[in-house]
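Take a look at the structure set out below.
The values are calculated or read from the model by the stated rules, or taken from the named source; none is laboratory data. Here the structure is a predicted model, which means the values were calculated and not measured. Virtual Cβ from ideal backbone geometry, glycine too; neighbours counted across all protein chains shown. With ligands, DNA and RNA removed, areas are computed over all heavy atoms of the protein, side chains included. Shrake-Rupley method; radii C 1.70, N 1.55, O 1.52, S 1.80 Å.
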Amino acid sequence: MSATASDSIMETGTFVNCFLLVISLVIIPVNGGYDKERDALLKGTFPQDFIWSSATAAYQIEGAWNVSDKGPSVWDTLAHQGRVYNQDTGDVACDSYHKYPEDVALMKQMGLKYYRFSISWPRIFPTGEQQDGVNQDGVRYYNALINELIANDIQPMVTLFHWDLPQVLQDRYGGFLNNHTTNTTVIHDLFGDYARFCYQNFGDRVKYWITFNEPWITSWLGYGVGNFAPQHNEPAEGQYKAAHNIILSHAKAYHIYDDEFRAAQGGQVGITLNCDWGTPKTPADADAALRYVQFFLGWFAHPIYKNGDYPEVMKTTMARKAQEEGRTTSRLPEFTPEQKLSISGTGDFFGLNHYTTVEVTDACCTPIENPNYDTDKDVGTGHAPDWPRAASSWLYVVPWGIRNLLGFIKEEYGDPEIYVTENGRSDHDQDPAIMMDMERICYYMMYTNEVMKASNMDNVKVKAYTAWSLLDNFEWLSGYSERFGLHYVDFNDPTRTRYPKASSVFFKQLVRNNGYPEGSEFTKYVENMWYFCHNTTEAEVNGYTGGASQISSLFSLFLAIPMMIAYSLIA
Ligand code: BGC
């Protein structure tokens, strides 16, 4: 957004935005897809100790890419090669390296008691190796951030690896491709050293550690497709080798905590896995949908949370493919018996990032000339015509998908404690900026209600919900063109001023109410919004016509948002 546009937000206030919003509501087509039972609003609250949080990641917000002795990461390299939309880079991003006290103040204002952020490995060890030297300024920065959080009664939840591998490790050892089949792979030890250093220096205050964020992305997009950093294109095998190393590196970091720190520090260590829910397009596609989820989530979750090894369906599918391709060994590597033992059970909690759902069809078993992870699954994927879309091309809004996925995790992995470590919706970067971000409010409303159904109706041990993201930020290959934030950041403004969006006000109320308690003003607001958010009308759901309820819902929307904003300002 231009400076002029940001001025105009401040000058015209919310009225114009409100007006535009109502216009957009009127032209949004009302379509079907609402299932009266499945999609009904559940009233009630989350358990007392439920964790409400918001998340960011180092490369996406910190900036200060080369201050002091920070080393370059593989994402610095990719961005500096001009590979990101609009040639955007994370060089400055939200400038949180300098503005972190403001970020903490925003969390405080929202009543959040937890914050999930990541540490940049090359900001701590510029080459990735401790023996080459420690960047004391990096240690100072994370200490300052953690102290600021604690001083504001906000618990840090820290991710050790959110994709920004030190470039030197990629150059020296091939990063996560390093000797993937041996027991003494260098990258495992180096990740272990880095984890140990973080436990040693920050573990007195950090009680929640996430080793890796979404290893699926690093493996498939980073080492298979190669459009993400470190840009290694080997779609037949790269992802399987990288994933193998990441799982072993995770296990190493887990055991280091267990052996050397747990007794004194008393924290928890887990990993964050991402998964789109796969729903069968027809009943005949049920096995295919299950296979889709096993290749996606099970690839990492099965070894870590179940038995130290890949899912059976992955192993048999890949063994059959090896035969068809005339190979003597499967492209899916094998763990040794010792490795299986060391991997199994290395999660104190199950971190889950979830955004969307796909419809799965069976595509078994067409012979493929250039096999890759996508074709290995023998499935086709698509989307139902009435699923609304966000700005990101892959993001379809299907709230009930998260409830199904949480239920699957409960059943499949022995009822673990699940922390939803990311969930959120993107808008386009546009002028005027979307400050009354109703579609994001709807997304959070519908998805958190489905999480509450999983918790309160299905007895899933879901312990945390984390909104992605606290701030608009560097959205990887899309740069600054897609905005996920609860707060707007003006990336043309050198001071990177943050502005609260309407969704931050909504989220604050959600946290304060700990869900949707019967009879509260907040729940009444949500009830009025419910059909609008589901792109349908009460009339359609209840089988009568007349349109009065949609008008009443628009009316309450008109009133409710400004009232909520006013409420939060005086609260
Ligand atoms: C990642 C975030 C990313 C978000 C939206 C997740 O895959 O962990 O870094 O910004 O999704 O794409």
Per 5 angstrom bin, beginning at 0 and ending with the bin that holds the maximum distance, the Cα pairs of region 241-315 fall in percents of 3, 15, 20, 19, 15, 11, 8, 5, 3, 1, 0
Computed on Cα atoms, the radius of gyration and Dmax of region 322-476 in angstrom are 19.3, 59
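Can you give the Kirkwood hydrodynamic radius for the chain, in Å, rounded to one decimal and based on Cα pairs?
For the chain, the Kirkwood estimate is 24.4 Å.
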Heavy-atom accessible area per residue of the chain, all protein chains kept, 1.4 Å probe, expressed in Å², is 37
Short to long, in 5 Å steps from zero, the percent of alpha-carbon pairs of region 90-164 per bin is 3, 15, 23, 26, 17, 10, 4, 1, 0
Projected onto the charge dipole of the chain (unit charges on the beta-carbon of Lys, Arg, Asp and Glu, signs +1, +1, -1, -1), the Cα from 355, 479, 523 with the largest positive-side position is that of 523
Rounded to one decimal in nm, the spacing of the 7 Å Cα→Cβ label points at residue 324 and residue 263 is 5.3
In this structure, the FRET efficiency calculated for residue 69 and residue 151 from their beta-carbon separation, with R0 = 25 Å, to the nearest 0.05, is 0.40
The computed P(r) of region 451-505 puts the percent of Cα pairs beyond 17 Å at 52
Taking Cα atoms only, Rg over Rh for region 153-251 with Rh from the Kirkwood formula is 1.00
At the level of C-alpha centres, the distance separating region 351-422 and region 427-478, in angstrom, is 17
So the FRET efficiency between residue 109 and residue 132, C-beta based with R0 = 35 Å and rounded to 0.05, is 0.30
Here, residue 189 and residue 518, labelled 7 Å along Cα→Cβ, have an inter-label distance in nm of 6.2
Taking max minus min of the Cα coordinates of region 416-508 on each principal axis, largest first, gives extents in Å of 47, 24, 20
One would report the Cα pair-distance distribution of region 338-405, bin width 10 Å, in %, as 15, 29, 31, 22, 2
Sorted by chain and number, the residues with a modelled amide H under 5 Å from that of residue 467, at a separation of 5 or more or across chains, are 53, 54, 55
With label points set 7 Å from each Cα along the Cα-to-Cβ direction at residue 415 and residue 205, the distance between them in nm comes to 3.7
To the nearest 10 degrees, the tilt of helix 136-151 (Cα long axis) against the first principal axis of the alpha carbons of the chain is 40
For residue 379, other-chain or 5+-apart residues with amide H closer than 5 Å (H placed, Pro excluded) are 363
In whole percent, the fraction of accessible protein surface over the chain that belongs to carbon or sulfur atoms, probe radius 1.4 Å, stands at 52
Relative to the chain, whose Cα atoms define the longest principal axis, helix 3-27 and its Cα axis are tilted in degrees, nearest 10, by 70
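So which of 281/315; 463/524; 70/377; 70/252; 113/461 end up more than 29 Å apart, counting from Cα to Cα?
Going by Cα-Cα distance, 70/377 fall outside the 29 Å limit.
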In degrees, nearest 10, the alpha-carbon axis of helix 96-110 is tilted away from the dominant principal axis of the alpha carbons of the chain by 50
Note on region 179-234: the mean projected area of its alpha-carbon convex hull, in nm², is 4.9
Its Cα gyration tensor gives region 66-203 an equivalent ellipsoid whose semi-axes in whole Å, largest first, are 27, 19, 13
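May I ask for the equivalent-ellipsoid semi-axes of region 190-327, computed as the square root of five times each C-alpha gyration tensor eigenvalue and listed largest first in whole Å?
Working from the Cα gyration tensor, I get semi-axes of 32, 18, 14 Å.
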